[in-house]
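K.L.:
Quick one: this structure, given as structure tokens, is what I'll be asking you about.
The values are calculated or read from the model by the stated rules, or taken from the named source; none is laboratory data. Keep in mind that this is a model prediction, so the values were computed, not measured. Backbone-built Cβ (ideal geometry, glycine too); neighbour counts: all protein chains shown. Only protein heavy atoms, including side chains, enter the accessible area calculation; ligands, DNA and RNA are left aside. Shrake-Rupley method; radii C 1.70, N 1.55, O 1.52, S 1.80 Å.
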Amino acid sequence: MKKLLNLALLIFFSQFFCGSYLCGAENRFGFVGFFGDKGIQEGEFEEPTGISVDINGCIYIADAGNHRIQKFSGRGNFLEYRGGLGWSGENFDKPVDIFAKSVLDIFVTDQNANRIVRFDKDLNYISSLGLDDISNNELVFGYPSGIALSRRGDIFIVDGENKRVIKINSFGEPEMSFGGFENLGFGLNEPFQVAVSSDNNIFVSDISSGRVMVFDYFGNFNFEIFNKKMKSAAGIDIDNYGRLFVADPIGASVYVFNSKGSYLFTIIGNEIGGGEIFKEPIDIVFYKGLLYVLDRSQKRVYILKEKN
């Protein structure tokens, strides 16, 4: 009798912790729908690589293949776009990431043009920051891949060419770099995206190593986040609860950690239900209970809803 009771308790706790919270996400997120398709028309994508959301819930996509950014409603209805192949103004040469969480402006990494492009909330072009605008040669960036703003107004740029992060202060002046060779054994191999938490920690995804490196606001290494099943670490996002979402394009999954780097659960592409799966999640963003998963190979955005 005692053995049967212990077995029943074991099954109960296994189902509770593994099925409902820690080991799977089938009971945490449900499939809502998707939008987007392959092509060059409005609302279509060729090589979508970056996604962000503004304070009103509008979704912005950086489409490197079509050299443009597009704006959608929270339900996926196309609103407007900016771009076209070019190297100045509102044109792009491979925009790969976008940050729309700022109250005022939107920032885009224009990778092949080696610049950061700034728009207002109505997608009016404001300015750009590139090689010719930086006087300190030690802080010049090349092939920027990721961008994020802190609550202080500082900009953090992933410098793909030099495998580091550049910090630009609120006055538009480069202040420092970190994550490169100066971090000794804690340097970045292939940095992809950057995110800033509410407590001013800097999270940098390292796509080839499948890890997220965490630094303090002054560029000092704190700790790394990884899971032995996570095959790559591409797009990242931090929600208001401090949870870190990491897109794993090779493993077709999204991993979720708490603010200290402890693993919480995994959202697996072929387990989300609804008859649809994501195959190559390259970026994600979380907004008011909805998780938007940008799939590079399927040219779509999948919408998942967190269950209460």
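K.L.:
Name the residues of the stretch 189-217 whose amide N is less than 16 Å from a point 7 angstrom out from the Cα of residue 250 along the C-beta direction?
P.N.:
189-193, 205-213
K.L.:
Let me have the 222 nm mean residue ellipticity of the chain computed from DSSP H runs of 4+ only, each contributing -39500 (n - 2.57), with the sum over all residues rounded to the nearest 500.
P.N.:
The helix-only estimate for the chain comes to -1500 deg cm²/dmol at 222 nm.
K.L.:
Connecting C-alpha atoms closer than 10 Å in a GNM of the chain, tell me which of 41, 193, 70 has the biggest fluctuation.
P.N.:
41
K.L.:
Continuing with this model, one more query. Under unit Cβ charges (Lys, Arg +1; Asp, Glu -1), what dipole magnitude, rounded to 20 debye, does the stretch 134-210 have relative to its Cα centre?
P.N.:
Dipole about the Cα centre, nearest 20: 160 debye.
K.L.:
Now, a different point. Just grab the label-to-label distance for residue 40 and residue 120, each label 7 Å out from Cα along the Cβ direction, in nm (one decimal).
P.N.:
Result: 3.2 nm between the two label points.
K.L.:
Using a cut-off of 19 Å between alpha-carbon atoms, which lysines can reach residue 307, once sequence neighbours fewer than 8 places away in the same chain are excluded?
P.N.:
288
K.L.:
Now, a different point. In whole percent, how big is the carbon plus sulfur part of the accessible area of the chain, probe 1.4 Å, protein atoms only?
P.N.:
Carbon plus sulfur share of accessible area: 51 percent.
K.L.:
Here is a follow-up. Could you work out the relative contact order of the chain? I mean the mean sequence separation of Cα pairs under 8 Å and 6+ apart, divided by the number of residues, in percent.
P.N.:
15
K.L.:
Filter the trypsin sites (Lys or Arg not before Pro) in the stretch 47-119 down to the DSSP loop ones having no more than 15 other Cβ atoms within 10 Å, then list what survives.
P.N.:
Here the trypsin sites (Lys or Arg not before Pro) that fit, given the DSSP loop and packing criteria, are 75.
K.L.:
With θ set to phi - 60°, apply the Karplus curve 6.51 cos²θ - 1.76 cosθ + 1.60 along the stretch 158-169 and write out the HN-Hα couplings as whole Hz, x wherever there is a Gly or Pro.
P.N.:
Computed from phi, the couplings for the stretch 158-169 are 7, 8, x, 5, 9, 6, 7, 10, 9, 9, 10, 6 Hz.
K.L.:
Using only the alpha-carbon atoms, how far is helix 2-14 inclined from the longest principal axis of the chain? Give it as 0 to 90 degrees, nearest 10.
P.N.:
20
K.L.:
Would you mind getting me the FRET efficiency between residue 305 and residue 131? Use the beta-carbon distance for r and R0 = 51 Å, nearest 0.05.
P.N.:
Given R0 = 51 Å and the Cβ-Cβ separation, E is 0.75.
K.L.:
Once the Cβ-Cβ distance between residue 277 and residue 229 is put in as r, and R0 is 22 Å, what FRET efficiency do you end up with, to the nearest 0.05?
P.N.:
Using R0 = 22 Å, I get an efficiency of 0.80.
K.L.:
Here's another thing I want to ask about it. How much length would be gained if the chain were fully extended between residue 152 and residue 197, taking 0.36 nm per residue of separation minus their Cα-Cα distance, in nm to one decimal?
P.N.:
Fully extending the segment from residue 152 to residue 197 adds 15.0 nm.
K.L.:
Explain nothing, just the number: relative contact order of the stretch 64-177, from Cα pairs under 8 Å at least 6 residues apart, as a whole percent.
P.N.:
Normalised by residue count, the contact order of the stretch 64-177 is 15 percent.
K.L.:
I would also like to ask the following. Give a quick list of chymotrypsin sites (Phe, Trp or Tyr not before Pro) in the stretch 84-139 that DSSP marks as loop, anything other than H, G, I, E or B, with at most 14 other Cβ atoms within 10 Å. Write down the numbers at each step before the final one.
P.N.:
Working: sites: 87, 92, 99, 107, 119, 125; in loops: 87.
The qualifying sites are 87.
K.L.:
Right, another one. Out of [x] 19.6; [y] 22.3; [z] 21.4, which label holds the value of Kirkwood radius over Cα pairs in Å that was computed here?
P.N.:
The value computed from this structure is option [x].
K.L.:
Please work out the FRET efficiency for the pair residue 55 and residue 175, using the Cβ-Cβ distance as r and a Förster radius of 25 Å; give the result to the nearest 0.05.
P.N.:
Result of the calculation: an efficiency of 0.40.
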